[in-house]
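Chemist: Quick one: the structure is below, questions incoming.
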Amino acid sequence: MKILIDMNLSPTWAVFLKENHIEAIHWSVVGRATDQDFVIFEYARLNSYIVFTNDLDFGSILAATNANAPSVFQIRGQNLLPDVIGDKVVECLKQYEHYLKEGSLVTLFDQKSKVRILPLH
């Protein structure tokens, strides 16, 4: 499982995920802060990454394009830092790893999660 962390999340997520044995890179390492979401989306698709974000636009892109990839893992909540919700994120990523590898939109709300299989209908 390879995670591409969107610009709207802290780069500390990359360190946290790597410490938890999950391959991760922050967009700032491979792209520009000003890149549009579709650029990040396409990079993730071409390089087999799962987009990790709190931006709802990626779900909209998936729906509009009827895409099978990339998978998107969204977190929703007030405090989105790894020291607050990191353990829950890792648990959820592992729980839904199969779906994320196959193509899905997974959303983690404070303590609940849901998965939608791609393409979205």
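Any read-out appearing in this document is the output of simple, stated calculations on the displayed coordinates, not a laboratory observation. Just so you know, these numbers come straight off a predicted model, no measurement behind them. FYI the Cβ positions are ideal-geometry reconstructions off the backbone, even for glycines, and counts take in every protein chain you see.
Chemist: Using the number of other C-beta atoms within 10 angstrom as an exposure proxy, rank V29, V15 with the fewest first.
Modeler: Lowest count first: V29, V15.
Chemist: Which FRET efficiency, nearest 0.05, do V84 and N47 yield, Cβ-Cβ r, R0 25 Å?
Modeler: For V84 and N47, the calculated efficiency is 0.30.
Chemist: Also, quick follow-up: Quick check on the chain: helices-only [θ] at 222 nm, where DSSP H runs of length 4 and up contribute -39,500 (n - 2.57) each and the sum goes over total residues. Nearest 500, please.
Modeler: Helix contribution divided over all residues of the chain: -11500 deg cm²/dmol.
Chemist: Evaluated at 37 °C with a viscosity of 0.692 mPa s, what Stokes-Einstein diffusion coefficient in µm²/s does the stretch 1-66 have when Rh comes from the Kirkwood expression over alpha-carbon pairs?
Modeler: Estimated via Stokes-Einstein, D reaches 273 µm²/s.
Chemist: How long, wide and thick is the stretch 66-113, going by the Cα atoms along their three principal axes, in whole angstroms, largest first?
Modeler: Result, largest extent first: 32, 19, 16 Å.
Chemist: What is the stretch 1-69's relative contact order, in percent, from Cα pairs under 8 angstrom and six or more apart in sequence?
Modeler: Here the relative contact order equals 39 percent.
Chemist: Per 0.36 nm of contour for each residue apart, how much would the distance between K114 and Y99 grow if the chain were fully extended, relative to their Cα-Cα spacing?
Modeler: Residue separation times 0.36 nm, minus the Cα-Cα distance, leaves 4.3 nm.
Chemist: Semi-axes of the chain's equivalent ellipsoid from the Cα gyration tensor, sqrt of 5 times each eigenvalue, largest first, rounded to whole Å?
Modeler: 19, 17, 13
Chemist: Name the residues of the stretch 65-109 whose amide N is less than 14 Å from a point 7 angstrom out from the Cα of N54 along the C-beta direction?
Modeler: 74-86, 89, 108-109
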